[in-house]
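Chemist: Here it is, the structure, as structure tokens.
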Amino acid sequence: MRSLYRHKANEMVTVIGGQPTLEFKLWLQKTAHLTDQQFAQGVAMMERQEMDARKTGDETWPPSYAGFIGLATMSTKPRSTVTALPAPTDKRLAAERLAQIREILH
């Protein structure tokens, strides 16, 4: 994150006197349950946010541990209220089945 948010590097103190800061330890503890894939997604989402902000001149900050967990675990699939239509049926097969049903009924 220091590389991504280098303009905020002074805000990201992780070690003081050779020891991890309490904030850094907390961040590590709270994100320890994330899978490698989730962690990678979180980093990719931070990069995306930073790129988008640069395009518009907005300012971004490194996320809190809770914000990072949200980025790492959010669904990246498109959300839609539209239900997909069923697959088209084979008209020949449908006609055969209809003929079979008619035979049974007669």
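The values are calculated or read from the model by the stated rules, or taken from the named source; none is laboratory data. What you are looking at is a predicted structure, and each value in this text was computed from that prediction instead of being measured. We place every Cβ from the backbone using ideal geometry, glycine too, and count neighbours over all the protein chains shown. When the accessible area is computed, the model is the full protein with side chains, heavy atoms only, and any ligands, DNA or RNA have been set aside. Shrake-Rupley method; radii C 1.70, N 1.55, O 1.52, S 1.80 Å.
Chemist: Taking P(r) over Cα pairs in 5 Å bins from 0, in percent straight from the coordinates, which label in (i) 2, 9, 13, 15, 12, 8, 6, 4, 4, 4, 4, 5, 4, 4, 3, 2, 1, 0, 0; (ii) 2, 12, 21, 25, 20, 13, 6, 1, 0; (iii) 3, 13, 20, 19, 17, 12, 8, 4, 3, 1, 0, 0 is the correct one?
Modeler: Read-out taken from this structure: (i).
Chemist: Rank 90, 52, 36 by mean-square fluctuation in a GNM of the chain with C-alpha springs under 10 angstrom and give only the top-ranked residue.
Modeler: 90
Chemist: When only C-alpha pairs under 8 Å and at least 6 residues apart count, what is the relative contact order of the chain, in percent?
Modeler: Relative contact order comes out at 25 percent.
Chemist: How much length, in nm to one decimal, is gained on full extension between residue 101 and residue 77, taken as 0.36 nm per residue of separation minus their Cα-Cα distance?
Modeler: 4.4 nm
Chemist: Take a quick pass over the chain and tell me how many lysine pairs come in under 28 angstrom between Cα atoms, counting only ones 8 or more apart or on separate chains.
Modeler: 5
Chemist: For the chain, what does the helix formula give at 222 nm: sum of -39500 (n - 2.57) over DSSP H segments with n ≥ 4, over the residue count, nearest 500 deg cm²/dmol?
Modeler: -16500 deg cm²/dmol
Chemist: Of all accessible surface on the chain at a 1.4 Å probe, what whole percent is carbon and sulfur?
Modeler: Ligands and nucleic acids excluded, carbon and sulfur reach 57 percent.
Chemist: Now for a different question. Enter the accessible area per residue of the range 40-106 (Å², integer; probe 1.4 Å; all protein chains in place).
Modeler: I get 87 Å² per residue for the range 40-106.
Chemist: Which GluC sites (Glu not before Pro) in the range 16-106 sit in a loop by DSSP (not H, G, I, E or B) and have at most 15 other Cβ atoms within 10 Å of their own Cβ?
Modeler: Here the GluC sites (Glu not before Pro) that fit, given the DSSP loop and packing criteria, are 59.
Chemist: Explain nothing, just the number: dipole magnitude of the chain about its Cα centre with +1 on each Lys and Arg Cβ and -1 on each Asp and Glu Cβ, in debye rounded to the nearest 20.
Modeler: 200 debye
Chemist: In addition: Which of the listed residues, 95, 78, 60, is farthest toward the dipole's positive end in the chain, when Lys, Arg count +1 and Asp, Glu count -1 at the beta-carbon?
Modeler: Projecting each Cα onto the dipole axis, the largest value belongs to 95.
Chemist: Between 79, 54, 92, which gets the highest mean-square fluctuation from a Gaussian network model of the chain, Cα cutoff 10 Å?
Modeler: Top of the fluctuation ranking is 92.
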